[in-house]
Amino acid sequence: MELRPRISIVVGVQKGQENLGAILSALENYSGDDAELLICFAQDDPVGDGIASRLPLQLIEGQNGASIPELWRDGILAAQGDRIAFLTAHCIPDDTWLAVVAQLDMDACVAYGGPIANSRENDAADTAMHLLRYSRVTPPQARRDLHEIAADNAVYRRADIMECKDLLPLGFWEPSYHARFRQKNLRMEMEPELRCIHRNRYSRSEFMQQRRQHGRAFGLERSQRSGGLKRWLLLLFSPATFIVFGLKLTVNILKTPVLRRDYVRAAPWLFVFLANWTIGESLGYADGVFGRFRR
């Protein structure tokens with residue numbers, strides 16, 4: 001009788017096919033037989049032939065233009081493990097990553113997030129993408145409780161995700177799930193040994209499009225949780241996101257010694273990408289105000 005896997009590794013692939021070999025190589029170091037691998041990709045952004053793994057493998061094809069959270073959703077629905085470990089194809093785990101996933105105490109926490117380092121291969125624009133997404137989880141990191149987790153390198157209890165049935169059709173947009181977890185007083189924790197390296201494969205224009213898409217989804221979700229007056233206020237003041245978020249991001253980066261040098265060379269691109277997020281977030285608030293509730 002074939003045993004059900006305990007761990008499901010869900011990799012969302014969007015423009016990151018070039019990294020799949022390195023990801024698969026890192027996972028091959030795991031000696032256990034209790035994990036499965038689900039590689040999720042959009043129909044118009046295929047992973048190609050020749051994907052092979054020692055782990056039980058599923059290739060899951062999503063809709064044209066599917067976002068990473070929508071691809072993760074497809075993986076969640078197909079997963080059999082009690083714990084789901086998420087990656088994107090832009091985040092390459094180290095050789096011990098899967099062993100750490102297997103050892104995590106999932107009774108103690110609903111989710112664990114890990115540090116994401118910037119690859120030495122990343123140029124100024126790639127580094128700006130890293131600073132925008134992962135400056136708060138750049139190593140070194142200490143073990144501590146977290147308010148938010150970057151799902152690009154994280155492990156969750158599948159049962160708790162599945163309890164959010166109203167959120168799943170939209171995708172695994174993790175802030176929405178984290179808010180539910182906090183309402184239930186469920187803990188999330190930083191696990192310093194759950195290490196990845198961010199090796200970007202988006203082009204500049206692709207990442208700008210992704211920032212607009214994700215910003216719009218964030219704005220719509222926030223608008224839907226708000227009353228009528230607050231929806232209008234969110235829309236009217238949404239351009240301030242660029243200034244407020246930019247200042248917070250800059251302060252966090254400059255007080256972190258390991259990030260300061262990166263900031264000097266990456267700042268122009270950082271604010272270009274932030275502007276695209278702001279545009280998307282504003283459009284999401286407009287969707288909420290004017291009743292367009294599709295992502």
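Which of these, Thr138, Thr127, Thr96, has the largest mean-square fluctuation under a Gaussian network model of the chain (Cα springs below 10 Å)? Of Thr138, Thr127, Thr96, the Gaussian network model singles out Thr96 as fluctuating most.
Compute the whole-percent fraction of alpha carbon pairs in region 1-90 spaced more than 19 Å apart. Of all Cα-Cα distances in region 1-90, 33 percent exceed 19 Å. Put simply, region 55-107 fits an ellipsoid with semi-axes of 22, 14, 11 Å; these come from the alpha carbon gyration tensor as the roots of five times its eigenvalues, largest first.
Summing Cβ point charges (Lys, Arg +1; Asp, Glu -1) relative to the Cα centre of region 7-198 gives a dipole of roughly 640 debye.
Antiparallel beta bridges, as assigned by DSSP with both residues in the chain, represent about 35 percent of the total such bridges. Helix 124-134: angle to the longest alpha-carbon principal axis of the chain, degrees 0 to 90, nearest 10? For 124-134 against the chain, the angle is about 80 degrees. The chain: percent of C-alpha pairs farther apart than 33 Å? Looking at the chain, the distances longer than 33 Å represent 20 percent of pairs. The alpha carbons of region 85-213 occupy a box of 41, 32, 20 Å along the principal axes, longest dimension given first. Summary value for the chain: 21 percent relative contact order, contacts being C-alpha pairs under 8 angstrom separated by 6+ residues.
No lab work stands behind these numbers, since they all come straight from the coordinates. Just so you know, these numbers come straight off a predicted model, no measurement behind them. Glycine also receives a Cβ, built like all others from the backbone with ideal geometry; neighbour counts cover every protein chain displayed.
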